[in-house]
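To keep things clear, I will list the structure first and then write my remarks on it.
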Amino acid sequence: MPSRKFADGEVVRGRWPGSSLYYEVEILSHDSTSQLYTVKYKDGTELELKENDIKPLTSFRQRKSGSTSSSPSRRRGNRSRSRSRSPGRRPPKDARRSASASHQADIKEARREVEVKLTPLVLEKFNLLQESSYISTQYSLRPRREEIRLKEMDSKEEKFVTKELAVRTFEVTPIRAKDLEFGGVPGVLLIMFGLPVFLFLLLLMCKQKDPSLLNFPPPLPALYELWETRVFGVCLLWFLIQALFYLLPIGKVVEGTPLIDGRRLKYRLNGFYAFILTSAIIGTCLFQGVEFHYVYRHFLQFTLAATVFCVVLSVYLYMRSLKVPRKDLSPASSGNAVYDFFIGRELNPRIGTFDLKYFCELRPGLIGWVVINLVMLLAEMKIQSRAVPSLAMILVNSFQLLYVVDALWNEEAVLTTMDIIHDGFGFMLAFGDLVWVPFIYSFQAFYLVSHPNEVSWPMASLMIVLKLCGYVIFRGANSQKNAFRKNPSDPKLAHLKTIHTSTGKNLLVSGWWGFVRHPNYLGDLIMALAWSLPCGFNHILPYFYVVYFTMLLVHREARDEYQCKKKYGVAWEKYCQRVPYRIFPYIY
């Protein structure tokens, strides 16, 4: 697939044919066959230029002006001007060179500080200041003496502003208060205290004989009945075993997306091997007669133990983030202690090479989800005196097992998700990965233990077809996206249409991603419905996951739209015109 460097509508510098002078132009279009760009100069002239004759604006900003003309028609007047200067008028050569080097070093250092630490608003003002200073010197037609004096004034003003901004970087937070997500500080407080309580209420309702909403709230157990030290020890052991599997030198090592300072962290992909080793251990325990019914009888205690572990981990993550350099902070962090405790302050917390966020994203919770489902299958057989599991329980276990195995097999795809590249590691991801996933995503299996539902084979066949349709959409969209991100020039992807962006990346507007903006979310939602249907329609409780997941995807899609619009600008608007359809078109 031919690649292009500049996007339509981007303002760059184009070389005037037959000369070595570059002028400001706007990219109008690009011919993929001839590889020529149609550009428009300030005087209205439209020409076709090769990519080698076009340069970004930034490549000129730190250079000494070679021409003071603003359009090709003024070129001759500029050339006739004498550039000679008498020695008495010229400052010493060494002093001029050292001053220029010092100036450029100050500006370069200040820009690096600003890019890392300032809010988008302050950064925009700083860029505008540089741009205005650059234009005033590049296109000035004043006499040379006046031009030099203006340069000196601009230099002093720029240095002053740079120093002021460098001081203010320690006072400015990465995100303004009005840009905080999840309802800001009140919203995250409600989530942090409300979700654990809501989780326990759901599990208590599910254990009732009649889990109807009319019986809400369910009878509450005493607090001392919810805690058992032995259960907490089992949770801690589970976490450590998965950490040990993560550290094993098996599986390939890949690099993540570039960080703000250009670094690329390395990740070992061995999640599927960890799943195989875990399955071998569980199988051995079953063969040895280990009683897994203990997990079902103490399910609430396991939920509380995992929640306590999550809170302790979140406190540790926040405390260690206070000592890390600002370049290691998450783009989502705000400077507010409560909000940052929730969203995560440090982007990639690591102990040596052990990446805590990446490890928790797929290992303890996701593999634990499969183990809990197996426990519920065994509990159903014991409580309902069955020789074999019910068809409904088999469907739930099989559907969700496929989902987990697919995630672990395609582990590399998680490195480009918002969780890894944008959000820090705080209570939100810790609770979601270690508590919400294993204890809510297994909710259908937990429900079927006490509320059996007989499913006919014709109905089971329809559910299987629905599940497979969702999986094909989900996996096809994700595979296409990941393949394109890894190698946009892959001949297998040559049929895909794209929109070029000013960041150098392309946006897919055909294939799965030309059908709807987030086809992977659509497939995910269809699969969620498929593994809730085996629970029947006697109660709405087992469909809580579908309702919750819909709300989650609506919010996540809104976050994606906001981030993409901010990142890609005009190119994203063009993308939205080419792909106008959303999963939830009537909600926005």
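None of Leu366, Leu356 is under 29 Å from Leu401 (Cα atoms), open to solvent by less than 30 Å² (accessible area, probe 1.4 Å) and out of contact with any Pro (no Cβ under 6 Å at 6 or more places or on another chain) except Leu366.
On the basis of being out of contact with any Ser or Thr (no Cβ under 7 Å at 6 or more places or on another chain), part of a helix (DSSP H, G or I) and open to solvent by 10 Å² or more (accessible area, probe 1.4 Å), does Val375 make the cut? It is false that Val375 is out of contact with any Ser or Thr (no Cβ under 7 Å at 6 or more places or on another chain), part of a helix (DSSP H, G or I) and open to solvent by 10 Å² or more (accessible area, probe 1.4 Å). On the stretch given as segment 236-254, residues that are small (Gly, Ala, Ser) and assigned to a loop (DSSP other than H, G, I, E, B) total 1.
Candidates in segment 236-256 are the residues that are touching a Leu at 6+ places or on another chain (Cβ under 9 Å) and open to solvent by less than 50 Å² (accessible area, probe 1.4 Å); of these, the one that is farthest from Lys505 (Cα to Cα) is Phe239. Among the residues of segment 378-389, those that are charged (D, E, K, R) and either open to solvent by 50 Å² or more (accessible area, probe 1.4 Å) or not in a helix (DSSP H, G or I) (or both) comprise Lys382, Arg386. Inspection of segment 411-431 identifies at least one residue that is in contact with a Cys (Cβ under 6 Å, 6 or more places away or on another chain) and touching a residue at least 40 places away in the same chain (Cβ under 8 Å). Residue-level check: of (1) of a type outside the set (Asp, Glu); (2) without any contact (Cβ under 8 Å) to a residue 40 or more places away in the chain; (3) touching a Leu at 6+ places or on another chain (Cβ under 6 Å), Pro349 misses just (2). Assess whether Leu552 counts as being in a helix (DSSP H, G or I) and open to solvent by 40 Å² or more (accessible area, probe 1.4 Å). For Leu552, the condition - in a helix (DSSP H, G or I) and open to solvent by 40 Å² or more (accessible area, probe 1.4 Å) - is met. Cβ-Cβ contacts under 9 Å between residues 6 or more apart (or on different chains), taken from a first residue in segment 189-212 that is within 18 Å of Glu380 (Cβ to Cβ) to a second residue that is among the small types (Gly, Ala, Ser), are listed as Cys206/Ser450; Lys207/Ser450; Gln208/Ser450; Lys209/Ser450; Pro211/Ser450. Taken over segment 459-485, residues that are in contact (Cβ under 8 Å) with a residue 12 or more places away in the chain and under 16 Å from Thr498 (Cα atoms) amount to 6.
Can you confirm whether segment 512-525 contains a residue that is over 30 Å from Leu203 (Cβ atoms) and without any contact (Cβ under 8 Å) to a residue 60 or more places away in the chain?
Among the residues of segment 512-525, at least one is over 30 Å from Leu203 (Cβ atoms) and without any contact (Cβ under 8 Å) to a residue 60 or more places away in the chain, which makes the answer yes.
For segment 356-404, give me each residue that is touching a residue at least 40 places away in the same chain (Cβ under 8 Å) and of a type in the set (Ser, Thr, Tyr). Residues satisfying the conditions are Tyr358, Ser390, Tyr403. Quick check: is even one residue across segment 312-320 in a helix (DSSP H, G or I), closer than 30 Å to Met459 by Cα and open to solvent by 20 Å² or more (accessible area, probe 1.4 Å)? Checked against the condition, which is being in a helix (DSSP H, G or I), closer than 30 Å to Met459 by Cα and open to solvent by 20 Å² or more (accessible area, probe 1.4 Å), segment 312-320 yields no hits at all.
What's the number of the only condition in (1) in contact (Cβ under 8 Å) with a residue 24 or more places away in the chain; (2) open to solvent by 50 Å² or more (accessible area, probe 1.4 Å) that Arg263 fails to meet? Every listed condition holds for Arg263 apart from (1).
Restricting attention to segment 27-52, the residues that are part of a strand (DSSP E or B) and in contact (Cβ under 8 Å) with a residue 40 or more places away in the chain total 1.
If we scan segment 268-280, do we find a residue that is open to solvent by 70 Å² or more (accessible area, probe 1.4 Å), at pLDDT 95 or above and either more than 20 Å from Glu411 (Cα to Cα) or touching a helix residue (DSSP H, G or I) at 6+ places or on another chain (Cβ under 9 Å) (or both)? Within segment 268-280, one or more residues are open to solvent by 70 Å² or more (accessible area, probe 1.4 Å), at pLDDT 95 or above and either more than 20 Å from Glu411 (Cα to Cα) or touching a helix residue (DSSP H, G or I) at 6+ places or on another chain (Cβ under 9 Å) (or both). In segment 407-526, counting only helices (runs of 4 or more DSSP H) that sit wholly within it, the ones holding 2 or more residues that are modelled with pLDDT under 95 and loosely packed, with under 15 Cβ neighbours inside 10 Å span 457-486.
The values are calculated or read from the model by the stated rules, or taken from the named source; none is laboratory data. These numbers come from a predicted model, not from an experiment. Neighbour counts are summed over all protein chains in view; Cβ atoms, including those assigned to glycine, are modelled from backbone coordinates with ideal geometry. Heads up: the accessible areas ignore ligands, DNA and RNA and are worked out on the full protein's heavy atoms, side chains in. Shrake-Rupley method; radii C 1.70, N 1.55, O 1.52, S 1.80 Å.
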